[in-house]
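To start, the structure itself, in C-alpha cells.
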DNA sequence: AACAATATATCGCAAAACTATATAGTCATC
DNA sequence: GATGACTATATAGTTTTGCGATATATTGTT
C-alpha cells in the first residue's frame, strides 16, 4: 500500500507528460478528448461531467461551450427542468475521438514496438487496473457531499 | 496495442486529476515532488532534469530556483565547466518528499482500503508497469536530437 | 408570493508550462 | 591568444488550463 501510494501518482503523472509530449496534440486538448470519450458512453449533465472528470463545474461549462462551437457535442435542455443542460456527443465528436486515438496510436507505435510481448501484456493489465481504480475514485465522493 | 494506446493516457490523466484532488497539496506542487524524487537518486544537471521530467529547460530553471529558495536542493557548479549547474537534494528536500508521501498515503488510505487484496496487488503491478514504460519513454529521445 | 435550493454561466485571477531570446562559459582553429 | 561556433542556463513575455466567488435562471416549498 505504501508502495502504491508513494509511486503511483508520480509515475502516472510523469507518464502523462511524456506521452503528451510525443503527440502533436493538434486541435484538441487532452481533457476535451476525455470528456468526449465519456460522452461516447451516453449523455451527461454539465455537473455530472465535471464530477466524473474531477473538474470544477465552471471549467466544464467553458469546456462544453468550446466543444459545442466545434460541433463535437450538442447541448439539449431537459423538458422537466429548465436549469439542466444535457450534453450529447455528435457524429463529428465521435470521429474526433477516433481521429485522436488513431493519431496517438501512430505516434506511440514506435515506443510500444520496443516492448516485449509480455511487457505489452503487462501494460495492458495496468491499463485495466487504472481503469478500475478510477472507477473506485469516482464512486467515493470523498470530501464532497455524498450526492 | 490499440487498447493501450486508446485508453492508457486517458485513464492515467484522469487518475492523476482525481488523486490530486484528494490531497490538499499544500506547500509543494506535484512536479516539485517528482523532481525531488528524481534527485533523491542522485544529482542531475538542469537540462538533464528537464528531459527526464518531460519539461522544457526554462521551466526547470524556474522550478529549481523555487526549490532552492525553500532549501530543498542546492545548486553546485561543476569545476570543469562553469556553465553547468549540478542540482543536489538536501536533507530537508528528502524530508519534504517523505512528508508528501506520508500525507498522500494518509489521504489515499480510505480509497485503497476499499480494494480487495488482489485489486491492490494488481495496482501494485500496474505501478511497476508504468515505471517500466516511463523508463522506455525516457530512453527514446523520439523527436529530439539523440544527445 | 416569498424564499431556499439547484444548475449553469460569468468574471477575474493564479499556476504552470511554453517559445523565443539573452547571457555566460567553453572549445576549436587559426 | 582572439574569433566564432557551440552549449548550458537564465530571463521575458505569453498561453493554457484550471479555480473560487458570485450572478442568473429555474424549480420546489411553505
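Relative to the longest principal axis of the Cα atoms of chain B, the long axis of helix B:91-114 makes an angle of roughly 10 degrees. Entry note, chain A: relative contact order of 21 percent, from Cα contacts under 8 Å with a spacing of 6+ residues. Shielding of peptide A:71-80 by partners, expressed as the average count of other chain Cβ atoms within 10 Å per residue Cβ, is 0.
Fewest neighbouring Cβ atoms within 10 Å first, the residues A:23, A:35, B:16 line up as A:23, B:16, A:35. Compared with the dominant principal axis of the Cα atoms in chain A, helix A:30-39 is inclined by about 60°. Look at the stretch A:16-25: the mean tally of other chain Cβ atoms within 10 Å of its residues' Cβ atoms is 6.
Taking every C-alpha pair closer than 8 Å and separated by at least 6 residues, the mean separation divided by the residue count of segment A:58-98 gives a relative contact order of 33 percent.
Given q = 0.12, 0.15, 0.18, 0.22 Å⁻¹, what are the Debye log10 I(q)/I(0) values for segment A:67-119, with equal point scatterers placed on the Cα positions and solvent ignored? Scattering profile of segment A:67-119, log10 relative to I(0): -0.49, -0.60, -0.69, -0.82. As an equivalent ellipsoid, chain A spans semi-axes of 30, 22, 12 angstrom, where each value is the square root of five times an eigenvalue of the C-alpha gyration tensor, largest first.
For chain A, the longest principal axis of the alpha carbon atoms and the long axis of helix A:117-139 meet at an angle near 30°.
With a 10 Å cut-off around each Cβ of A:115-125, the average count of Cβ atoms from other chains is 4.
Bear in mind these aren't lab numbers, they're just calculated from the coordinates by the rules spelled out. Nothing here was measured: the structure is a model prediction, and the numbers come from that model. As a convention, Cβ positions derive from the backbone with ideal geometry for all residues, glycine included, and neighbour counts pool all protein chains shown.
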